[in-house]
Amino acid sequence: MTTIISASPIKSSIDDFALFGGTPMFAEALHVGRPNIGNRQTFATLVDGIFDRRWLTNAGQCVKEFERRLADLLGVKHCIAMCNATVGLDITVRALELKGEVIVPSFTFIATAHALKWQQITPVFCDIDAATHNIDPYRVEEIITSRTTGILGVHVWGRACDIDALGEIAQRYKLRLLFDAAHAFACSYKGQMIGGFGDVEVFSFHATKFFNTFEGGAVTTNNDELARKIRLMKNFGFSGYDQVSYLGTNGKMSEISAAMGLTSLESLADFIETNHRNYQQYQESLNGVPHIRLVSFDDNEKLNYQYVVIEIDEQVPVTRDQLMEILHAENVVARRYFYPGCHRMEPYRSDDPNAGSKLPITEELAEHVLALPTGTAVDAEQISAICEAIRFIIANGSEVNERFAAKK
Ligand SMILES: Cc1ncc(COP(=O)(O)O)c(C=O)c1O
């Protein structure tokens, strides 16, 4: 028997881990992105109002109020609520009349790239900055061609892109600049709320986001003409009864989603406080665990702390995927992000099978990050148990690795 360095009050040997025959730490799965639910009474009252008015969608009272409140909060002139961020991106890309090539990171959710491809635009994948995980402005400039019409940045984990540098490049090359702000609701850049940067920003309020409207999203901009166009486009292009002035689609947010949004808004500060507390607990509990670094945030900014992400270094005796497998067996459904990178998924993989050679940092990061459960559905005791389990697995990495080899 190998010596076990015990760091866990729950797991004192490798055999205690469910993957190797033990009992899972948790009876129920702890998911990343388990929804935060606001005050049920607030929601019920809003839904009663919707039923009383018999107005279920199409610019109803809840949607209008939701848009107004968001615009206020974000300090932006226009907020257009959407059925989800993907359609918000689709519409935005069309409204901006992007064509040819648009530069975008591959280290993002597939919807970012799809929104371009859906409009017959080639997403040209750009590598990221290893420190920020966001699109690297230096790399952007290297891949601009005569076909480039825009740059689509993504504020990954809620940490803003280098907006100033991207803005300067966009201006110099006369490119449109837009941001996928799906992760960055209630976050700031240099003290100013995300939402008013570039030509347009697009938020997601999907159930897995810390602030949700079941499904939903919003497009925000300070550009009056663009806002008018996007508003028409999300409603089939209707500019009046029986009058259509654009090619449009159906991107409307429904009243029930807006009611959930208003309910979530009421608890916004609480959700962020819980996320921050959880983040700090992870930070303290994982402090000193070799080979693991928690993705950090600039406390001078407003942040939502909705992602607790660890980066696992090359020298670690257990791989990221082994760690994930062990945690999954414990009912801790930690998630790889954005694995394996858009460029390794279809249709992009077939479009450019060698894209990976131009994206070394993206490839590296996609192999080494793991998101851990947080939000109001996870409590301090659970976080403590998760951290102790991670500490134990890393401390006994070589033995764990041997067990994996023996399992094959
Ligand atoms: C970075 C990013 N972009 C876009 C989306 C798509 O958002 P939605 O699910 O609201 O369409 C997501 C959702 O997970 C995302 O994380």
Note on region 72-85: residues within 12 Å of the ligand (Cβ to nearest atom) and surrounded by fewer than 24 Cβ atoms within 10 Å (Cβ to Cβ) are C83, N84
Output yes when any residue across region 247-256 is within 12 Å of the ligand (Cβ to nearest atom) and either in contact (Cβ under 8 Å) with a residue 60 or more places away in the chain or over 26 Å from N134 (Cβ atoms) (or both), and no when none is. yes
Which ones in region 148-159 are under 17 Å from L178 (Cβ atoms) and in contact (Cβ under 8 Å) with a residue 40 or more places away in the chain? T148, T149, G150, I151, L152, G153, V154, V156
Just to be sure I understand the filter: pairs with C-beta atoms under 9 Å, separated by 6 or more residues or on different chains, first member in region 347-359 and over 11 Å from F125 (Cα atoms), second member assigned to a helix (DSSP H, G or I) and among the aliphatic types (A, V, I, L, M). Which pairs pass? R349/A355
Any residue in region 156-178 that is within 16 Å of the ligand (Cβ to nearest atom) and in a strand (DSSP E or B)? yes
Assuming D136 fulfils every condition listed in (1) within 23 Å of V369 (Cα to Cα); (2) of a type outside the set (S, T, Y); (3) under 17 Å from the mean Cα position of the chain (by Cα) apart from one, which condition is it? (3)
Identify, by number, the condition in (1) more than 16 Å from the ligand (Cβ to nearest atom); (2) at pLDDT 95 or above; (3) of a type outside the set (D, E, K, R) that Y241 doesn't meet. (2)
Criterion violated by T57 - all others in (1) more than 29 Å from D352 (Cα to Cα); (2) within 16 Å of the ligand (Cβ to nearest atom); (3) of a type in the set (S, T, Y) satisfied: (2)
Taking only region 237-250 into account, find how many residues are aromatic (F, W, Y) and either under 13 Å from C83 (Cα atoms) or surrounded by 15 or more Cβ atoms within 10 Å (Cβ to Cβ) (or both). 2
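Every residue, every condition in (1) among the β-branched types (V, I, T); (2) touching a residue at least 60 places away in the same chain (Cβ under 8 Å); (3) over 15 Å from R293 (Cα atoms), yes or no:
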{"position": "I310", "(1), (2), (3)": "yes, yes, no"}
{"position": "N331", "(1), (2), (3)": "no, yes, yes"}
{"position": "L365", "(1), (2), (3)": "no, yes, no"}
{"position": "A389", "(1), (2), (3)": "no, yes, yes"}
{"position": "A405", "(1), (2), (3)": "no, no, yes"}
Does S264 satisfy the condition of being within 16 Å of the ligand (Cβ to nearest atom), at pLDDT 95 or above, part of a helix (DSSP H, G or I) and of a type in the set (G, A, S)? yes
Evaluate region 201-223: report whether one residue or more is surrounded by fewer than 22 Cβ atoms within 10 Å (Cβ to Cβ), more than 9 Å from the ligand (Cβ to nearest atom), aromatic (F, W, Y) and at pLDDT 95 or above. yes
Filter result (within 15 Å of the chain's Cα centre (by Cα) and acidic (D, E)) within region 177-224: D180, E201, E215
Within region 33-79, track down each residue that is part of a loop (DSSP other than H, G, I, E, B), under 22 Å from K302 (Cα atoms) and touching a Lys or Arg at 6+ places or on another chain (Cβ under 8 Å). G33
Tell me the residue from R172, R159 that is more than 14 Å from the chain's Cα centre (by Cα) and basic (K, R), please. R172
All positions within region 188-211 that are part of a loop (DSSP other than H, G, I, E, B) and farther than 13 Å from L70 by Cα: K190, G191, F197, G198, D199, H206, A207, T208, K209, F210
Positions within region 167-200 being under 18 Å from R228 (Cα atoms), crowded, with 24+ Cβ neighbours inside 10 Å and touching a residue at least 60 places away in the same chain (Cβ under 8 Å), in sequence order: L178, G195, V200
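The values are calculated or read from the model by the stated rules, or taken from the named source; none is laboratory data. This one's a predicted model, so the numbers in the text were calculated from it and none came from an experiment. Note that we place each Cβ from the backbone using ideal geometry, even for glycine, and neighbour counts take in every protein chain shown.
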